[in-house]
Structures are given as C-alpha cells and as structure tokens.
Amino acid sequence: MSRAGLTPARVVADAAALADEAGFDALTLSAVARRLGVQTASLYAHVRDRAALLDGVTALAMGEVAARIATGLAGRSGRDALRGYADAFRDYAREHPGRWAALQRRAGPAAVAAPSAVDVVALTDALLRGYAIPPDQRVHVIRLLGSTINGFVQLERIGSFDHSAPAPADSWDRAVDALDALLRAWPAPDPEDPA
C-alpha cells in the first residue's frame, strides 16, 4: 500500500470525509487507513492515536464553522447577526453530519487550544458585543446559545419535528426571534451574586 502524499492534514481531512459518509462513531484508525489505502501502522507517523484523530476532526470542523460564522456576521448586527451565527451551525450540521457530530463531544486539549477554537470564541464575542452583553455574563449567554442551537439541530436531525406542523423552518425563525429578544433584555448581574 502506498504512503505517498500522506500528511497529518490529509489524514484528518479523509477522516472528516469518512465521518460525514459513515458517521462519526465509525472513525477508527483502521477505517481511515483503508480509505487512504495504507496500513493502519502507517497512520501513527501522522496521528498519535484515535483520540488525536478525533480531536483533529473536531479542530477541522471548528475551522469550517468559524469561516461560516464570519460570513454570517459580516456587516450585520443584532438579530441579523444572530441569524447568521445560528444558521452557520444549522447549515453545517445539515451538510456535514459527521463533522458536526465531532463538535458535539468533549474535545481534548489539542482541539480546545486549536486556532479554530479561538476563532469561534472571538466570533461569538463579536456577536455578543453587538448586544452589549457584559463580559462577565458571556459564558451564560454562550451556554444558552449552544444549548438552544445544538438542541434544535439535534432534534431536527433525528426527525423529531417531522410529525407535526408547522415546518421546522418556522420554529427556527421563532427560536432566533426569542433568542434575540432575550439577548436584548439580558438581565444585569446581581451585585450580591458572586457568579
């Protein structure tokens, strides 16, 4: 089996493609090696182990989502920016289900420290500055946004909205409107509350 052109980036890119085709749980070193046409042992020169491979896919997915978020935020503020931000995740999940699943796991230190993760944090901060959310409140808002967006996307992906009207797109619009209203009226922190 040929090893020509094998690099860490190529291994991760092929793993990401495999995740989209076969599911994130199908990612093993042997499955990626088969896809690349090499022996499994050949991959160890490029990725330390399966955990490193999964973190690589997570970092790659974060970079791709960051690019979409940047496009969704460009020249926008308030609800329009929030819609661009939320749509970046929803559209990505539809187009790349395996890579999106890589974002729904507890990532290792390498993925958390990746430049792409830093980009997602910076873009999220840019969105929240448009709502005048104080820095000490941003973690709460980020958790709310993540829970709402990821929860909606997951339920939509498994078909939970297929059995009733209105269409999920209508509910998505309402969810974005509700988040926008909430962020505009975000409560000031209680000065007595240390959290």
Matching residues in segment 121-138 - criterion: being part of a helix (DSSP H, G or I) and either within 19 Å of Val176 (Cα to Cα) or in contact with a Ser or Thr (Cβ under 9 Å, 6 or more places away or on another chain) (or both): Leu123, Thr124, Asp125, Ala126, Leu127, Leu128, Arg129, Arg138
Identify, please: which residue in segment 139-154 is surrounded by fewer than 18 Cβ atoms within 10 Å (Cβ to Cβ) and not aliphatic (A, V, I, L, M) and is, among those, farthest from the chain's Cα centre (by Cα)? His140
When segment 139-166 is checked residue by residue, the ones that are farther than 17 Å from Pro187 by Cα and assigned to a helix (DSSP H, G or I) are Gly146, Ser147, Thr148, Ile149, Asn150, Gly151, Phe152, Val153, Gln154, Leu155, Glu156, Arg157
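May I ask you to say which residue of Ala178, Ala110, Ala101, Ala122 is loosely packed, with under 12 Cβ neighbours inside 10 Å and either without any contact (Cβ under 8 Å) to a residue 12 or more places away in the chain or closer than 27 Å to Ala15 by Cα (or both)? Can you show your working first?
Details: Ala110 fails: loosely packed, with under 12 Cβ neighbours inside 10 Å; Ala101 fails: loosely packed, with under 12 Cβ neighbours inside 10 Å; Ala122 fails: loosely packed, with under 12 Cβ neighbours inside 10 Å.
Criteria check complete, one pass: Ala178.
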Kindly check whether there is at least one residue in segment 83-106 that is at pLDDT 95 or above, at negative phi and over 15 Å from the mean Cα position of the chain (by Cα). yes
Note on segment 40-62: residues over 13 Å from Asp14 (Cα atoms) and without any contact (Cβ under 8 Å) to a residue 40 or more places away in the chain are Thr40, Ala41, Tyr44, Ala45, Arg48, Asp49, Arg50
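Kindly indicate which of Gly37, Gly5, Gly78 is at positive phi and either aromatic (Phe, Trp, Tyr) or without any contact (Cβ under 8 Å) to a residue 12 or more places away in the chain (or both).
Working: Gly37 fails: either aromatic (Phe, Trp, Tyr) or without any contact (Cβ under 8 Å) to a residue 12 or more places away in the chain (or both); Gly78 fails: either aromatic (Phe, Trp, Tyr) or without any contact (Cβ under 8 Å) to a residue 12 or more places away in the chain (or both).
When all the criteria are applied, what remains is Gly5.
The values are calculated or read from the model by the stated rules, or taken from the named source; none is laboratory data. Note that this is a predicted model, so its numbers are computed, not measured. Cβ: placed from backbone, ideal geometry, glycine included. Neighbour counts: every protein chain shown.
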